[in-house]
Amino acid sequence: MKTRTAGFHLLAGGLSVLWLLPILLVLTTSVRSFSDIASNGLGALPASFTLDGFGQAWGDGGGGHAMLNSLLVTIPTVLLALLLSSVAAFALSRYDIPFRRTIILVMLSGNLLPPQILLVPVAKLAELLGIYDTLTALIVVQVGFGLGFYTFVLQGFMRSIPGEIQQAALIDGAGVAQIFWRIILPMTRPALAALGALAFTWTFNDLLWSITVLRTGTVMPVTPALLGLQGQYVSNWNVIAAGSVIAAVPTVAVFLRFQKHFISGLAIGAIK
């Protein structure tokens, strides 16, 4: 038994080191100087410490503007997607709607399609609507493609809420909107927090839809901007690594802030 436990710990430790090595390499590269990397190599131990790479990535590389674009897309996307999916989930879970299961499956099936086959239709549709190359187009696409999954998860969570609570509210004279806003929605907060963290991460880190519906560099979010940074600073690995660190900060902060709800929400959702 001890040998098996030691072997498991050895394997888990080795996998953890392999997972952490790229992250450690990016972090150390981001604080090294260009001359240090050029003279000693990318994989050598750091012989210098500087934050100039962060300044170049944020200012000259356009990281600050790209970060602002990402937040202008991500925050409205998360709020709008969760609001619409909550309303849809409330109707599907608390009322006897005809073809309810079919509606849920149709909404979920959109997430099972490979996004690559939808790139051209989505780009053409954005052009027809006159929103191509705008942040609005990216928000619409992100909300549309996330809505099915968020509704599927939320309706399963809302169905677990006892019906007696809704009946008691009806007897007290509460309307449908009041039941949704004051009773059901607060009780769904763990699932909303988990989905909010997931939606923020998926939207903020998205690259595919950004380069599909956007073209101008001034409206690009941070992930496509990183590609541009690689072209602009081909051999300046410290600037590219610093840009990657800057791009990772918001998603890491959101996960750390909501990790309790994130884990509990996923666990509850799995049980339901």
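The values are calculated or read from the model by the stated rules, or taken from the named source; none is laboratory data. In this text the structure is predicted, and so the values were computed from the model without any measurement. Because the Cβ atoms are built from the backbone with ideal geometry, glycine has one as well, and the counts that use them run over all protein chains shown. We work out accessible area using only protein heavy atoms, side chains counted, and drop any ligands, DNA or RNA first. Shrake-Rupley method; radii C 1.70, N 1.55, O 1.52, S 1.80 Å.
The criterion of being within 25 Å of the chain's Cα centre (by Cα) and either crowded, with 23+ Cβ neighbours inside 10 Å or more than 30 Å from Thr50 (Cα to Cα) (or both) does not hold for Leu207. Inspect all residues belonging to the stretch 101-113 and state whether any of them is among the polar types (S, T, N, Q), open to solvent by 20 Å² or more (accessible area, probe 1.4 Å) and either touching a residue at least 60 places away in the same chain (Cβ under 8 Å) or out of contact with any Phe, Trp or Tyr (no Cβ under 8 Å at 6 or more places or on another chain) (or both). Among the residues of the stretch 101-113, at least one is among the polar types (S, T, N, Q), open to solvent by 20 Å² or more (accessible area, probe 1.4 Å) and either touching a residue at least 60 places away in the same chain (Cβ under 8 Å) or out of contact with any Phe, Trp or Tyr (no Cβ under 8 Å at 6 or more places or on another chain) (or both), which makes the answer yes. Quick check on the stretch 68-75. Is at least one of its residues on the phi > 0 side of the Ramachandran plot and under 27 Å from the mean Cα position of the chain (by Cα)? No, every residue in the stretch 68-75 fails to be on the phi > 0 side of the Ramachandran plot and under 27 Å from the mean Cα position of the chain (by Cα).
Can you tell me which residue is least open to solvent (accessible area, probe 1.4 Å) among those in the stretch 42-60 that are within 26 Å of the chain's Cα centre (by Cα) and among the hydrophobic types (A, V, I, L, M, F, W, C)? Checked the stretch 42-60; the qualifying residue least open to solvent (accessible area, probe 1.4 Å) is Ala57.
Quick check on the stretch 81-94. Is at least one of its residues modelled with pLDDT under 90, assigned to a helix (DSSP H, G or I), crowded, with 17+ Cβ neighbours inside 10 Å and out of contact with any strand residue (DSSP E or B) (no Cβ under 7 Å at 6 or more places or on another chain)? Yes, there is a match, as at least one residue in the stretch 81-94 is modelled with pLDDT under 90, assigned to a helix (DSSP H, G or I), crowded, with 17+ Cβ neighbours inside 10 Å and out of contact with any strand residue (DSSP E or B) (no Cβ under 7 Å at 6 or more places or on another chain). Scanning the stretch 22-31 for residues that are open to solvent by 60 Å² or more (accessible area, probe 1.4 Å) and more than 23 Å from the chain's Cα centre (by Cα) yields one hit, Leu25.
Working only within the stretch 117-137, note down all residues that are touching a residue at least 60 places away in the same chain (Cβ under 8 Å) and more than 20 Å from Ala81 (Cβ to Cβ). Scanning the stretch 117-137 gives Leu119, Ala123, Tyr132, Asp133.
Being open to solvent by 80 Å² or more (accessible area, probe 1.4 Å) and either touching a Cys at 6+ places or on another chain (Cβ under 7 Å) or not charged (D, E, K, R) (or both) is the filter; apply it to the stretch 260-272 and report the residue that is modelled with the lowest pLDDT.
We begin by selecting, within the stretch 260-272, every residue open to solvent by 80 Å² or more (accessible area, probe 1.4 Å); these are 260, 263, 266, 270-272.
Narrowing the set further to residues that are either touching a Cys at 6+ places or on another chain (Cβ under 7 Å) or not charged (D, E, K, R) (or both) leaves 263, 266, 270-271.
Values: Ile263: 66, Leu266: 59, Ala270: 50, Ile271: 47.
The residue in question is Ile271.
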